[in-house]
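Chemist: This is the structure I want to talk about, given as structure tokens.
The values are calculated or read from the model by the stated rules, or taken from the named source; none is laboratory data. Computed from a predicted model, the values in this text were never measured in an experiment. Here the Cβ is made from the backbone with ideal geometry for all residues, glycine too, and neighbour counts use every protein chain on show. Side chains included, ligands, DNA and RNA excluded: accessible areas come from the protein's heavy atoms. Shrake-Rupley method; radii C 1.70, N 1.55, O 1.52, S 1.80 Å.
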Amino acid sequence: MATTGEAQPAKHQEVGHKSLLQSDALYQYILETSVYPREPESMKELREVTAKHPWNLMTTSADEGQFLNLLLKLINAKNTMEIGVYTGYSLLSTALALPEDGKILALDINRENYEIGLPIIEKAGVAHKIDFREGPALPLLDEMVNDVKLHGSFDFIFVDADKDNYLNYHKRLIDLIKIGGVIGYDNTLWNGSLVAPPDAPLRKYVRYYRDFVLELNKALAVDPRVEICQLPVGDGITLCRRIS
């Protein structure tokens, strides 16, 4: 405990803040200096619309959207998949990054949320790149895995869905991503709760899914088929580059 009269850096009072940075001011600096000035108008519009939705915590943060957009360009992605769409902020970021003939297979159990962002996606001129499928992802992934022609056919896959199925997704996606392709798992630092003390004021859903995220992180760390990098962007994203 500090014994001087010096002011201590402000820290988030509750585990569950969208940003893992300990300083709200520093996170705001990143947004205002590097993210918002470069954010496409369509993404800004969708971000603002989504902020009014009661489940807005589910959306991809603006800094992570910027990161995904640049990453896709760096790896020259063309055929991609997204599991967990919500209103489509990360989906729009991906669609804007892909070439004109790029494709995104977008999977979500709720089309109603997707349709909130769809008019903005259409106005941005990238809706033709998206093949949206409503329903649970696992049955469709099983069909795809059974089709040998689809093995290794995806350049990039982004997963931001039910955390208790992340390992089930990984078991299937590893066959569908190409050698050298990248799978991105969102929320792998899970609101900072992974290292929170037992008496931390965790929200109920954070506490429930924490063990599933811990299990995923342990499994990815020892999976010899991928190289990994876990980044403290947004709520944490782990990139897995398939090497075998």
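Chemist: Being of a type in the set (Lys, Arg) and closer than 19 Å to Thr59 by Cα, is that true of even one residue in region 208-227?
Modeler: yes
Chemist: If I ask for residues that are of a type in the set (Val, Ile, Thr) and within 26 Å of Leu70 (Cα to Cα), which ones from region 173-232 would you list?
Modeler: Those that are of a type in the set (Val, Ile, Thr) and within 26 Å of Leu70 (Cα to Cα): Ile174, Ile177, Ile179, Val182, Ile183, Thr188, Val213, Val226, Ile228.
Chemist: So which pairs qualify, if the first residue must be in region 222-244 and in a loop (DSSP other than H, G, I, E, B), the second must be open to solvent by 80 Å² or more (accessible area, probe 1.4 Å), the Cβ gap must be under 6 Å, and the two must be at least 6 apart or on different chains?
Modeler: Ile243/Glu227; Ser244/Arg225
Chemist: Give region 146-169 a look and list any residue that's in contact with a helix residue (DSSP H, G or I) (Cβ under 6 Å, 6 or more places away or on another chain), open to solvent by 50 Å² or more (accessible area, probe 1.4 Å) and outside any helix (DSSP H, G or I), or say none.
Modeler: Passing the criteria: only His151.
Chemist: Moving on to the next point. Select from region 141-157 the residues that are farther than 14 Å from His170 by Cα and either over 17 Å from the mean Cα position of the chain (by Cα) or aromatic (Phe, Trp, Tyr) (or both) and list them in ascending order.
Modeler: Glu143, Asn146, Asp147, Val148, Lys149, Leu150, Ser153 - these are the residues of region 141-157 that are farther than 14 Å from His170 by Cα and either over 17 Å from the mean Cα position of the chain (by Cα) or aromatic (Phe, Trp, Tyr) (or both).
Chemist: For region 87-132, name all the residues that are assigned to a strand (DSSP E or B) and closer than 16 Å to Asp162 by Cα.
Modeler: Ala106, Leu107, Asp108 - these are the residues of region 87-132 that are assigned to a strand (DSSP E or B) and closer than 16 Å to Asp162 by Cα.
Chemist: Moving on to the next point. So which residues in region 74-86 are outside any loop (DSSP other than H, G, I, E, B) and under 15 Å from Phe154 (Cα atoms)?
Modeler: Answer for region 74-86, where residues must be outside any loop (DSSP other than H, G, I, E, B) and under 15 Å from Phe154 (Cα atoms): Asn79, Thr80, Met81, Glu82, Ile83.
Chemist: Can you give me the number of residues within region 177-193 that are of a type in the set (A, V, I, L, M, F, W, C), open to solvent by 10 Å² or more (accessible area, probe 1.4 Å) and either within 15 Å of the chain's Cα centre (by Cα) or modelled with pLDDT under 95 (or both)?
Modeler: Here the count works out to 3.
Chemist: Additional query: Can you confirm whether Ile174 is assigned to a strand (DSSP E or B) and surrounded by fewer than 21 Cβ atoms within 10 Å (Cβ to Cβ)?
Modeler: Spelling it out, it is not the case that Ile174 is assigned to a strand (DSSP E or B) and surrounded by fewer than 21 Cβ atoms within 10 Å (Cβ to Cβ).
Chemist: Same structure again: When only residues in region 204-227 that are touching a helix residue (DSSP H, G or I) at 6+ places or on another chain (Cβ under 8 Å) and either more than 16 Å from Lys171 (Cβ to Cβ) or modelled with pLDDT under 95 (or both) count, which is surrounded by the most Cβ atoms within 10 Å (Cβ to Cβ)?
Modeler: Val213
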